[in-house]
Amino acid sequence: MVHPLVEQLRFTHSEWLRGLDGVSEEDAARHIDPMNCVSWIVGHLGWHEQRYWLQRAQGKVLFPDLDTNYATGAPMSTPSLSETLRMWQEVTQSSKSYLDSLTNASLQQDLLLEDRPVGQSIGSAMRRLTYHYWYHIGEIQAIRQMLGHAGLPDYVGDIETLAPYRPEQ
């Protein structure tokens, strides 16, 4: 069975994707200062996923451009939503088996970069990333409201069915 923290991260992924539903390429490229555009935010979360679950946890980098163009502090840009979403999907799919393998013990281990601890446990990194998504879910919904989108999803969705509380194993 998948660890409850992983289950919560995946529920967050589904909520984030629900918040992107119906965003056009044109609207995803709109900049409302001082915020980044939606398509950049998608790349940014792909960067964060790759950084934790592929690069630091497994020594893999699928998309070097994520580090260059979407890291915290990267210059503002206007990428294609379909391209950043494709990268995000490939990164999260490539992380699946690693995340599925996590246990209480492994979540307490240090997250490493080149075999050196980065000062954060794997479990703390997972919480940080989950909370990071919720920050950007709100930001994207605010952008969509400013663009005049109607009928936006209410948050939090059906967590009781899709990711209910359950104790750790």
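The values are calculated or read from the model by the stated rules, or taken from the named source; none is laboratory data. Values in this document were obtained by computation on a predicted structure and should not be read as measured data. Virtual Cβ from ideal backbone geometry, glycine too; neighbours counted across all protein chains shown.
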Worksheet item: Could you count how many residues in region 121-169 are in contact with a Leu (Cβ under 6 Å, 6 or more places away or on another chain) and closer than 26 Å to Leu107 by Cβ?
Response: 5
Practice prompt. Look through Gln145, Gln108 and report the one residue that is farther than 29 Å from Asp33 by Cα and among the polar types (S, T, N, Q).
Written response: Gln108
Item to complete: Identify, by number, the condition in (1) closer than 15 Å to Trp16 by Cβ; (2) modelled with pLDDT under 95; (3) of a type in the set (Ser, Thr, Tyr) that Thr84 doesn't meet.
Response: (2)
Fill in: Members of region 135-151 found to be part of a helix (DSSP H, G or I), touching a residue at least 24 places away in the same chain (Cβ under 8 Å) and over 18 Å from Leu17 (Cβ atoms), listed by number
Met146
Response to the item:
Conditions (1) aromatic (Phe, Trp, Tyr); (2) surrounded by fewer than 21 Cβ atoms within 10 Å (Cβ to Cβ); (3) closer than 21 Å to Met146 by Cβ -> Phe11 fails only (3)
Worksheet item: Among the candidates Asp27, Asp33, which residue alone is assigned to a helix (DSSP H, G or I), farther than 23 Å from Arg127 by Cα and of a type in the set (Asp, Glu)?
Response: Asp27
Worksheet, complete the sentence: Considering region 133-169, residues that are of a type in the set (Val, Ile, Thr) and in contact with a helix residue (DSSP H, G or I) (Cβ under 8 Å, 6 or more places away or on another chain), and then whichever is farthest from Ser101 (Cα to Cα), we arrive at Ile143
Fill in: Top-ranked residue in region 1-24 [being assigned to a loop (DSSP other than H, G, I, E, B) and farther than 18 Å from Gln93 by Cβ; ranked as modelled with the lowest pLDDT]
Met1
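Matching residues to (1) closer than 21 Å to Gln50 by Cα; (2) buried (at least 16 other Cβ atoms within 10 Å of the Cβ):
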position	(1), (2)
Leu66	yes, yes
Met87	yes, yes
Ser101	yes, no
Arg116	yes, no
Val156	no, no
Glu160	no, no
Discussion item. Considering only residues that are among the aromatic types (Phe, Trp, Tyr) and either farther than 17 Å from Thr12 by Cβ or free of Cβ contacts under 8 Å to residues at least 24 places away in the same chain (or both), which ones fall in region 42-96?
Written reply: Phe63, Tyr70
